[in-house]
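Comments concern the structure below.
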Amino acid sequence: MLFDDCCFRRRRRRAEGPTDPDPVVLVSGVGGSVLRARIKKTKFEILVWVRIFLANMEFKKYIWSIYNPKTGYTESWNENVEIVVPDDDYGLYAIDVLDPSLFAKVCHLTDVYYFHDMIDMLVGCGYKKGTTLFGYGYDFRQSIRIDKLMDGLKEKLVTAYTASGGKKVSLISHSMGGLLIRVFMALYPDVFTKYVKKWICIACPFQGAPGCVNDTLLTGLQFVYGVESFFFVSRWTMHQLLVECPSIYEMLPNPKFKWKQQPLIRVWRKQIDGQDDLPVKLETYAPTESTILFEEALRNNKLEYGKKSVALPFNLSILSWAAKTRQILDEAQIPDTVSFYNIYGISNDTPYDVCYGSETSPIDDLSEVCHTVPEYSYVDGDGTVPSESAKADGIANATRVGIKDNHRGLLTNNEVFGYLKQWLGVSQISQQKFMQTSKVMDESLKQNVL
């Protein structure tokens, strides 16, 4: 009887302890979700993003895509597969370590660690996966306002709200994930008001990422450098996907935004005889004029897929779709009931203007631009998004904080973690309990990551 009474008192004290925090949903950015190719006939799934071994080959085979203007979706060339985002571990698996292979973990390839440290931090503050902690990864090839992505976010909000016992959700977004949330907020204001309490935005290109995106559409995108790049998807292989992805066009610099100085694309051109006294000329393209350059530079772009040779010019249908997305982004209003916080990176050289060719080595035909190493002029930012764009959220009563770190580094930054704890109203629990609760990686790996 005495034993039973002690047990009862212990249970009662535990029940009277701290309540669970409000639920959090982490929303990833471009390239920030694990993607698998699911074979339609067998349902077998193959990891295609991110992977180290056979990365380039599998990427071309399964994820190279073409935009369908009738549906608004980007669809894989391989008709035998569909691209899916795993929802394991309540959506957290897809945004944690982007290459979950044993090789990546054992070799501590931190380039593929995404929300991993933040997930560990939140678990260490008492968040419980599936009750108060969720992830939302998505097919980042698609437009940020396409139905599938909007429906997925709505479903995740409802799931988090229900699992936590009817508590409103705190959203934490990174990069393009912030644009996705802003579009959702505009298109589904009643849903947003019902389920969202706070939105913490990290490194969002609210007005675009001029240097990075302009160059991506012309020469491609490289996610990793150094030795690792030899095992990863090549810059040009990535280009041939992204030129057909609405999400990239939706991050072009906003031509209506009042930039301190308009972001430019410059090209040193060789002059045709008799056209000018000078042998070379510096051509300049502002955001409203860049379409001319994109069209001309990509007019001969082709994708070699199997035995097919497919034209991949600059896609005017996607550009038109993206212009509508930009209008929605510009007109979005946050509900008065939702608190907004904006963290952006500073003190990093961030590409802004892009220049191709030089006075001594000018471009003859504009199609040569796509195979030219660019030169950048830089502004302050996180190395990807200029701080001018990231802090231009246009939201009244916003709390904004600039932190010295790069685009991805902000997700592992202790100062950022401090602000998150403050704004979420949580604190770190004991280290022992934290180590028992977190299941993401084993102890030896964790010590090398944290």
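Determine whether T325 is out of contact with any Gly (no Cβ under 8 Å at 6 or more places or on another chain), open to solvent by less than 20 Å² (accessible area, probe 1.4 Å) and in a helix (DSSP H, G or I). Talk me through it step by step, then tell me what you get.
On the way: out of contact with any Gly (no Cβ under 8 Å at 6 or more places or on another chain): yes; open to solvent by less than 20 Å² (accessible area, probe 1.4 Å): yes; in a helix (DSSP H, G or I): yes.
Here the answer is yes, as T325 does meet what is asked.
Of everything in the range 30-54, what is at positive phi and open to solvent by 50 Å² or more (accessible area, probe 1.4 Å)? Give them in sequence order.
Of everything in the range 30-54, those that are at positive phi and open to solvent by 50 Å² or more (accessible area, probe 1.4 Å) turn out to be K43, L54.
Six or more apart or on different chains, Cβ under 8 Å: which pairs go from a residue in the range 291-313 that's free of Cβ contacts under 8 Å to residues at least 12 places away in the same chain to one that's assigned to a loop (DSSP other than H, G, I, E, B) and surrounded by 14 or more Cβ atoms within 10 Å (Cβ to Cβ)? Could you list them?
Qualifying pairs under 8 Å: K302/L312; A311/N301.
Given the residues S377, S361, which is the only one that is open to solvent by 40 Å² or more (accessible area, probe 1.4 Å) and within 27 Å of H174 (Cα to Cα)?
Testing whether each residue is open to solvent by 40 Å² or more (accessible area, probe 1.4 Å) and within 27 Å of H174 (Cα to Cα) leaves just S377.
Does the range 33-52 hold any residues that are in a loop (DSSP other than H, G, I, E, B), under 23 Å from the mean Cα position of the chain (by Cα) and at pLDDT 95 or above, and which are they?
Listed by number, the residues that qualify are S33, V34.
With (1) in a loop (DSSP other than H, G, I, E, B); (2) surrounded by 18 or more Cβ atoms within 10 Å (Cβ to Cβ) as the list, and P351 as the residue in question, which single condition is left unmet?
(1)
How do the pairs read when you match residues in the range 409-429 that are touching a residue at least 40 places away in the same chain (Cβ under 8 Å) and farther than 17 Å from N342 by Cβ with residues anywhere that are of a type in the set (A, V, I, L, M, F, W, C) and in a loop (DSSP other than H, G, I, E, B), using Cβ under 6 Å and keeping only pairs 6 or more apart or on different chains?
So the pair list comes out as V426/C125; Q428/C125.
Would you mind stating whether S317 is over 30 Å from I202 (Cβ atoms), open to solvent by 30 Å² or more (accessible area, probe 1.4 Å), of a type in the set (G, A, S) and at pLDDT 95 or above?
Answer is yes for this residue.
All but one of (1) open to solvent by 50 Å² or more (accessible area, probe 1.4 Å); (2) modelled with pLDDT of 95 or more hold for V27, so report the exception by its number.
So V27 meets the others, but not (1).
Being assigned to a strand (DSSP E or B) and either among the acidic types (D, E) or farther than 23 Å from W259 by Cβ (or both) is the filter here, so list the residues in the range 364-381 that pass it.
Across the range 364-381, the qualifying residues are E375, D380.
Hey, does the range 359-376 have a residue that's under 20 Å from Y419 (Cβ atoms), in contact with an Asp or Glu (Cβ under 9 Å, 6 or more places away or on another chain) and of a type in the set (G, A, S)?
no
For the range 395-414, name all the residues that are under 18 Å from P210 (Cβ atoms) and open to solvent by 30 Å² or more (accessible area, probe 1.4 Å). I'd like the intermediate steps shown before the answer.
Initially, the range 395-414 is screened for residues under 18 Å from P210 (Cβ atoms), giving 406-407.
Residue satisfying the conditions is N406 alone.
Got a number for residues in the range 282-311 being of a type in the set (G, A, S), modelled with pLDDT of 95 or more and open to solvent by 30 Å² or more (accessible area, probe 1.4 Å)?
Qualifying residue count, the range 282-311: 0.
Tell me which residues, restricted to the range 382-401, are in a loop (DSSP other than H, G, I, E, B) and within 30 Å of R299 (Cβ to Cβ).
T384, V385 - these are the residues of the range 382-401 that are in a loop (DSSP other than H, G, I, E, B) and within 30 Å of R299 (Cβ to Cβ).
The values are calculated or read from the model by the stated rules, or taken from the named source; none is laboratory data. Since the structure is predicted, the reported quantities are computational estimates derived from the model, not experimental observations. Glycine gets a Cβ as well: all are built from the backbone with ideal geometry, and neighbour counts include every protein chain shown. Side chains are part of the model used for accessible areas, which takes the heavy atoms of the whole protein and leaves out ligands, DNA and RNA. Shrake-Rupley method; radii C 1.70, N 1.55, O 1.52, S 1.80 Å.
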